[in-house]
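See structure below.
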Amino acid sequence: SKAPITVAVTGAAGQIGYSLLFRIASGALFGPDQPVNLRLIEIEPALGALSGVCMELDDCAFPLLNSITPTADLDEGFKGVNWGILVGSVPRKAGMERKDLLKINGGIFTNQGKAIEKNAASDVRVLVVGNPCNTNCLIAMNNAKGVPSDRWFAMTRLDENRAKSQLAAKAGVHNTSVSNLAIWGNHSATQYPDFYNAKIDGKPVTDVISDHDWLKGDFISTVQQRGAAIIKARGLSSAASAANAACDTVYSLTHPTAEGDWTSVAVCSDGSYGIEKGLMFSFPVRTDGSKWEIVQGVPVNEFSQAKIKATEDELREERAAVTELGLI
Ligand code: NAI
């Protein structure tokens, strides 16, 4: 049988962790014949809750789960790790200044970056889910200069999945009919879900859906505000769908992209589409299963350009703030 892949998950006792770990252990990342080791990283006060999650993982008797290591020690947690999924963070709460938020998360992600650089396997790849995920990823990456910048990802797949589902519902088709949905920029309310380049059964969305006012207006704002709508309805933030998107992201980055299609993930900008180099920016990305690339030549019209500029501006501001705080 295959050698196990070691996956670290931070914030493992949290909401997303509770959905994510069971999916990983049942083969959602690497397929049904690939064993995994789980390193579950939490802060000390959550280790009690984490031990309960570990009991439940045991009680699933997952054939693919080779080992479970719960820990609050970053060196132990990231030792020999092939994939790090960084979920634990401190999201903005009412009354919290943005600077305070960046400072708290700065502490978390500088230390995690350093621990990854020091301990992880030489092929380590990192997906940041914890918000603000693009900038948290930027901080970790810049504190782990020994790990190449093409190994760092921040999650916008939930936005892509949300956008596909909205377009499918509007067109009255199944979501598998929707392809080429690029999310540009920040995982925030400035993100741009690019309907102009998306397709339904291979045809441009703008040909299939005649209500262009909806596309330019409610469609975009529904995707941008979906997280808030779920909090309002559920009283808790989206967790199962976020965990699902994390599985989709890792799966998509480790398996060849369908011919002609792409997926969305924030990567370190190389200057493509005029986006400032070094920002963690979501682009249309494709891969052969090991090497990924930003898809080039996707048409960007005037409407899209303005939206992409707005989300780039926000990411530049976030970067300026963490630079000023000495975090990168
Ligand atoms: P949660 O509050 O239920 O769980 C977070 C867990 O992280 C807690 O168990 C906490 O103890 C742990 N934690 C805090 N600091 C830590 C540290 N330094 N090291 C290790 N663990 C630490 O939150 P939930 O719902 O699981 O969400 C987690 C994050 O994911 C939030 O920041 C949320 O905003 C973000 N998120 C991102 C999405 C995306 O699309 N990128 C979608 C949904 C949520």
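Out of Ile43, Ile5, Ile85, one residue alone is among the hydrophobic types (A, V, I, L, M, F, W, C) and near the ligand (Cβ under 8 Å from one of its atoms). It is Ile43. Of the residues making up segment 3-25, at least one is surrounded by fewer than 19 Cβ atoms within 10 Å (Cβ to Cβ) and aliphatic (A, V, I, L, M).
Looking at Val90, Val53, Val126, just one residue is open to solvent by less than 60 Å² (accessible area, probe 1.4 Å), within 13 Å of the ligand (Cβ to nearest atom) and not in a loop (DSSP other than H, G, I, E, B), and that residue is Val53. Scanning segment 129-153 for residues being buried (at least 22 other Cβ atoms within 10 Å of the Cβ), away from the ligand (no atom under 12 Å from the Cβ) and either of a type in the set (Gly, Ala, Ser) or farther than 27 Å from Ala239 by Cβ (or both) gives a total of 1. Note on segment 4-45: residues that are farther than 21 Å from Ser252 by Cα and out of contact with any Gly (no Cβ under 6 Å at 6 or more places or on another chain) amount to 10. Is at least one residue of segment 281-293 among the small types (Gly, Ala, Ser), on the phi > 0 side of the Ramachandran plot and within 16 Å of the ligand (Cβ to nearest atom)? No, every residue in segment 281-293 fails to be among the small types (Gly, Ala, Ser), on the phi > 0 side of the Ramachandran plot and within 16 Å of the ligand (Cβ to nearest atom). The single residue among Ala163, Ala169 that is open to solvent by 50 Å² or more (accessible area, probe 1.4 Å) and modelled with pLDDT of 95 or more turns out to be Ala169. Annotation for segment 279-296: at least one member residue is of a type in the set (S, T, N, Q) and open to solvent by 60 Å² or more (accessible area, probe 1.4 Å).
In segment 221-247, the residues that are hydroxyl-bearing (Ser, Thr, Tyr) form Cβ pairs under 7 Å with partners that are assigned to a helix (DSSP H, G or I) and away from the ligand (no atom under 11 Å from the Cβ), at six or more places apart or across chains, as follows: Thr222/Gln166.
Applying the set (1) open to solvent by 40 Å² or more (accessible area, probe 1.4 Å); (2) within 16 Å of the chain's Cα centre (by Cα) to Ile183 leaves exactly one unmet item: (1).
When every residue of segment 165-182 is checked against the conditions, none turns out to be within 16 Å of the ligand (Cβ to nearest atom), touching a residue at least 24 places away in the same chain (Cβ under 8 Å) and either closer than 26 Å to Leu327 by Cβ or of a type in the set (Lys, Arg) (or both).
Return a yes/no flag: does segment 195-212 have any residue that is within 16 Å of the ligand (Cβ to nearest atom) and either open to solvent by 50 Å² or more (accessible area, probe 1.4 Å) or of a type in the set (Gly, Ala, Ser) (or both). Checking segment 195-212: not a single residue is within 16 Å of the ligand (Cβ to nearest atom) and either open to solvent by 50 Å² or more (accessible area, probe 1.4 Å) or of a type in the set (Gly, Ala, Ser) (or both). Mind telling me which of the residues Asp261, Asp248 ends up being open to solvent by 20 Å² or more (accessible area, probe 1.4 Å) and under 17 Å from the mean Cα position of the chain (by Cα)? Of the residues listed, the single one that is open to solvent by 20 Å² or more (accessible area, probe 1.4 Å) and under 17 Å from the mean Cα position of the chain (by Cα) is Asp248.
The values are calculated or read from the model by the stated rules, or taken from the named source; none is laboratory data. Just so we're clear, the structure is a prediction, and the values are computed from it rather than from any experiment. Note that each Cβ is placed from the backbone with ideal geometry, even for glycine, and that neighbours are counted across all protein chains shown. To get the accessible areas, we keep the full protein, side chains included, count just its heavy atoms, and leave off ligands, DNA and RNA. Shrake-Rupley method; radii C 1.70, N 1.55, O 1.52, S 1.80 Å.
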